[in-house]
1. Give segment B:120-131 a look and list any residue that's surrounded by 14 or more Cβ atoms within 10 Å (Cβ to Cβ) and within 13 Å of another protein chain (Cβ to nearest Cβ), or say none.
2. Output the strands (runs of 3 or more DSSP E) that fall wholly within segment B:108-158 and possess 3 or more residues being at pLDDT below 90, or say none.
3. In segment B:44-66, which residue that is within 14 Å of another protein chain (Cβ to nearest Cβ), in contact (Cβ under 8 Å) with a residue 60 or more places away in the chain and aliphatic (A, V, I, L, M) is farthest from residue B:136 (Cα to Cα)?
4. Count, please, the residues in segment A:408-418 that happen to be assigned to a helix (DSSP H, G or I) and surrounded by 14 or more Cβ atoms within 10 Å (Cβ to Cβ).
5. Restricted to segment A:1025-1052, and to residues that are within 14 Å of another protein chain (Cβ to nearest Cβ) and of a type in the set (D, E, K, R), which residue is surrounded by the fewest Cβ atoms within 10 Å (Cβ to Cβ)?
6. Which members of segment A:704-759 meet the condition of being charged (D, E, K, R) and in a helix (DSSP H, G or I)?
7. Is there a residue in segment B:86-98 that is part of a helix (DSSP H, G or I), within 20 Å of residue B:176 (Cα to Cα), within 11 Å of chain A (Cβ to nearest Cβ) and among the basic types (Lys, Arg)?
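The values are calculated or read from the model by the stated rules, or taken from the named source; none is laboratory data. Everything numeric here is computed off the predicted structure, so don't read it as measured data. We place every Cβ from the backbone using ideal geometry, glycine too, and count neighbours over all the protein chains shown.
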Amino acid sequence: MKLFERLSFKRKLLLFALVTCGAAMVLQTAVYFGYEVVDVYRDLPEDLSVTADIVGQNVSAALMFEDRTAASEALSGLSADDNILAACVLTAAGKPFARYLKEGQGVDTTVYQGRDGHEFFTGELRVSRPIELDGERIGYVIIRYSLAELYADLRNLAVGLVLFFGVSLLLAFAPAARLQRYISEPIVDLAAMTKKVAESKDFALRATRRSDDELGDLTDSFNQMLEQIQQRDSALQTLNEQLEVRVVDRTSELQKRTEELEERRRTVALLQSVATSSNAATTLSEALQVAIDEVCEYSGWPVGHAYLLAEDGSGDLVPTSIWHIGDGVRYDEVRSTTEAMPFKPGVGLPGRVASSRKPAWIVDVRCDTDFARVQILEAASLRAAFAFPVIFENDAVAILEFFHTDTSDPDEQLLRAMTSVGTSLSRVVERQRATDALREREHKLREQNTEILKASRALAESENHLRTIYDSEPECVKTVAPDGTVLEMNPAGLRMVDAGSLDDVRGTSVFGLVTDEHVERYRDLHRRVIEGESGTLVFEICGFKGRRVWMETHAVPLRNESGAIYAHLAVTRDITEERKAVQALRGAKEAAEAGNRAKSEFLANMSHEIRTPLNGIIGMSELALDTNPTGEQAEFLKSVLACSGSLLAIINDILDFSKIEAGKMSLEATPFDLVATCEAALDIIAHRAAPKNLELISSISPDAPHRFLGDPGRLRQVLINLLGNAEKFTEQGEISLLVDVLDRTDDDVTLKFSVGDTGTGIAEDRLAAIFESFTQADGATTRQYGGTGLGLAISRQLVELMGAQLQVESELGVGSTFHFTITLAIAPNQTADGSETASSILPDKSALRGTSILVVDDNKTNRQVLDVLLTSWGCRVALSRSGPEALEMLRATAGSNRSIDVVVLDVQMPEMDGLEVEQRIRENEALGRPKIVFASSLGNRKCVAELVGGDTTSAAAFLTKPIKRDLLMTTLLSAIGAVGQASVPEETRSDRNGIDQRRFKSRVLLVEDNPVNRKVAVGILKKLGCDISIAENGRIALEVLQDKRFDVILMDVQMPEMDGLEATRHIRADQRHNDTPIVAMTAHAMDGDRQKCLAAGMDDYLSKPISSAKLRKMVEAWTRRVTPDSPEPATTT
Amino acid sequence: MTGLVTRRALVVLMVLGVSLVIDQPACAQTLDAAKATRVKAAYIYNFAKFATWPADVFKTDDAPIIIGVVGPDPIAATLEKVVRGKTAHNRRIEVRRIAGVYPEAADELRECHLLFVCACESERIGQLWRLLGNRPVLVVSDIEGFAKRGGMIGLALEGGRIVFEIHRAAVEQTGIRLSAKLLKLAKIVG
């Protein structure tokens, strides 16, 4: 650097030019070279990636289909580029799939790695690209590329650039050496001139301008600078002289200001001293005295005097003895005269000042026109006067006057000071007045205090009274501030929270005592109470010693006199013991209920276990009956069947009962036909009632709609139970089922169901007990009449489930009537007026309108029922109690307009039975030719014929009692010729042994683990002609199904190893057996089983015990789906 | 004593040997068959990728490609595994099992985009063509000579590999286009 500094300006310029030029070129060359390299290194991998992608596209299919030859062929296309050393295709898993190697490369031992990217190695570039097909990565292509050629190119470029740099530098030197002179020479000249001026201090010298550029401007500026220095020198001289004159002016001004300030200071001192002394003064006079003294001293006036405003309110000014007298003897006269002379407002100097409330100044009292004391003052040689007021609440309460021995012009400053003195004094007046008022108030307070003392003594007594109550109260009483802190708590409360004293509790947050679970609710209660409500809460606290106590609190807001709430008052009771007792009770109740449920479940399970063997007994007995047993054996077998049937009924009862007890019974809501449901129940009882010759009467109110929403199964069960019960206890007489409409709306109908009998009746004291479980009217009757005693209990509970009460009225020896009233919703698509859909199926009953019908029956109830029903259809109805009477009526009306069209004739009647009556009618034309409809409880036409032996063929129709409504209608319609005979369904009671003997050639797979049940099913199926395969459980069934196909599979549900549900799921998973119907056989009778079976993929459901009729129906239903002549051969794979 | 030990060892060896003789081939055979099924399933999936259906066969943008397996072929289960979670042409692939070439199943068959026909259905192929007509359904089968007989893509075993033959005309008349890459690998038979 030193070397550089020593260089001449010329050389420096030259060096600058060369260095700058050289550096720029080096940078340029380096950037150019660098750019070239970066360009090549960026482009090359991209180009190669494109090549790799093309290769990848070409081999993708080969890779997918694992065709290595095709892949290798695709790769060999790379030989076109000499720089490509090798290439490889990897599978997605990274395994080499195909390779390519440039000729002469020997063996490629590179380990390739599949990824997306490139990498530079010494002398080569590797590019790896994924092969993607439809978004899925199926492999990679890797290409190795030689960089040898690239390196050679870059080397050549570098050499060329260095040569270019050297030549350029040489070329730049020559012009730089010449050009520098134009700059350096003028600067050297200027430097010489500057030196000269500095040495000679001659600012008049000037440099010569040599060129027209910035250097020329520099010379000009240098000359201008010299000129300006000359000018500044002279200007400085002039300024110095002016400054001295101004200093003298300012000094005198300052003097004046200092004097003014002194004056002002004195005024302030006066005011301060007046203010201080007047504040110290206890009375106004004292303050006035001080003020007058001070003013006189301040102003130098010798005489001062004060007037006060008269207290009588006249506004007069009274002279005082407050004086300041400079020379006492001289002014005695003035003093005595003045003190004897009050002034009216506006009169004299004090009067004027008082009126105007402003200071006044008199230059010379001798010249004043309104000055009463002028002579005395003149005598005392006083000349000038001034006065000012002391103003309080707009009144001049005092006037101060001063006199001087010389005449004097008004001094504004003095007057202003006096106004301030007046203001200071007015404050003394104000304070004095205030003191007076205070004294008076103190006196009053003292009187009040005495009264308060008396009142508080009374209050203390009252409080003591309340405190005693509060302390001895057994419940916790506390008050809580709005912020939740405890204000008060009585001893009982302290004991509850285990607090030692009130100090432990007072001021703490009440919420801290409440347990975390309850604190929110307690806060809520507190908030509500503070808002003015009252409330009750049960909560738990945790006392000071950690004891938990349950509390019941009643809280009310506490209000102060103005009605604002300032606390909440709570009376709290310890209910811990009560709660314990309640909880113990609840625990005991739950235990009892659990026990009861367990019992019910046990019963349900037991019933199920009993059902399975029972199934075997029934099935085997049925089969045995079909083996042509001897008469005696057949009797025994029938007994076995009958006993089994009874046992099954008992088990069903138990099952229902336990379901109800376990709370698992629920009612359906499906549309059903009321009449059909009632008649179905009657049908079952009719079988049993027929041998006893009981009248079975059904009367369903014609007003009742047909279709309802409800649970027909359960309703039927109740009716069967009640009817069965009636039948059981009735030896003779009648059993009736009456359904009356009590009330109806558009949507529902209230129905009363009554089941009456003429049986033994029930003693009044047993009436309540009959509905109890396991109980009958008399312990002994159980043995006499049989039955579990569950029927009525179940019925009662079912009726209760339906929302009603089962009631009974009974009289010993006369009979009993059970009745219940339920409200059922009318099924949709039916209007409330009974024009139900059923009527669209039935023939038009209007044809019966006007038909005259004679009902002959010895049973009164039956006659009434038919009377009501037929009348509702529009028939003219005549009733008769016996055959002879009926014949008489027929004779009487024959030929007249009242002639009988149809006679409904009871078969069994005392005196003259129906058959005889019919015969008489037929034989005697005089009785008219009415159509005859028989009604009998003995069975159908054939049965009657067998039983009675008469000829019934001539009768128009035959009805079985209880008479079904629809059947009666169609029968009557056909009897009067309104419909054809063919449409009348003749009742046939299905013959149990008349089973359809059609045979099925179906292939059946029976899956059943119980050997007895298996035998039963096989026996029945064999009889049906089925081809049977057997599997003992689900697993074996699956094996059998491996190479055989079936038309139907009968599947037990509960089996060891693999149950029916699981087996079904397996079968359904197998394509071949997708369509094979699977029918579940189960002894499960609990709800939900059917759903479980269907969900598993079964098609139908057969509940055990299975009978041949049930099984036949099932096989028939399900094998019909299979076309018998197209057995699909089991396909082989 | 040594005699007894030797006899026992012999018995053990014999039992082992017998069981080896019995087990080995059966095992190998099933393994090979299983592998062939897997490869075929993979091929069928690949065909779906290399084939392009006319745009109107898909009702919506996300309608799946439906591959039907006709007849009780074990490939169905394997195929379901192969295509699980995969897509072709950005569509899900759904595998359906179709009982066989029955007229009742016509709608089911026509709903598919690709059908694999089990060899056991070989006698009903004629009926299949009648049911499908020229609908764009790509039919693949391992029935022998399937492609030559006018089937679209036939699979065959050749030199331990599964190769495929394509009847180009049969495919093209349905409007389905097969990728040139696929055709390059296939044996073109018509």
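1. Quick first cut of segment B:120-131, residues surrounded by 14 or more Cβ atoms within 10 Å (Cβ to Cβ) only: B:120-122, B:124-125, B:127-129, B:131.
Within segment B:120-131, B:120, B:121, B:122, B:124 qualify.
2. Working: elements: B:114-117, B:138-141, B:153-158.
In segment B:108-158, B:153-158 are the strands (runs of 3 or more DSSP E) which contain 3 or more residues that are at pLDDT below 90.
3. The extreme case among them is B:44.
4. The first filter runs over segment A:408-418 and keeps only residues assigned to a helix (DSSP H, G or I), leaving A:412-418.
This time we only want the ones that are surrounded by 14 or more Cβ atoms within 10 Å (Cβ to Cβ), so: A:414-415, A:417-418.
Residues that pass the stated criteria total 4.
5. If we take residues in segment A:1025-1052 being within 14 Å of another protein chain (Cβ to nearest Cβ) and of a type in the set (D, E, K, R), then A:1043 is surrounded by the fewest Cβ atoms within 10 Å (Cβ to Cβ).
6. A:714, A:716, A:727, A:728, listed by residue number.
7. First, pick out the residues of segment B:86-98 that are part of a helix (DSSP H, G or I): none.
No.
Here is a yes/no grid of residues against (1) in a strand (DSSP E or B); (2) modelled with pLDDT of 90 or more:
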site: A:810; (1), (2): yes, no
site: A:820; (1), (2): yes, yes
site: A:855; (1), (2): yes, yes
site: A:858; (1), (2): no, no
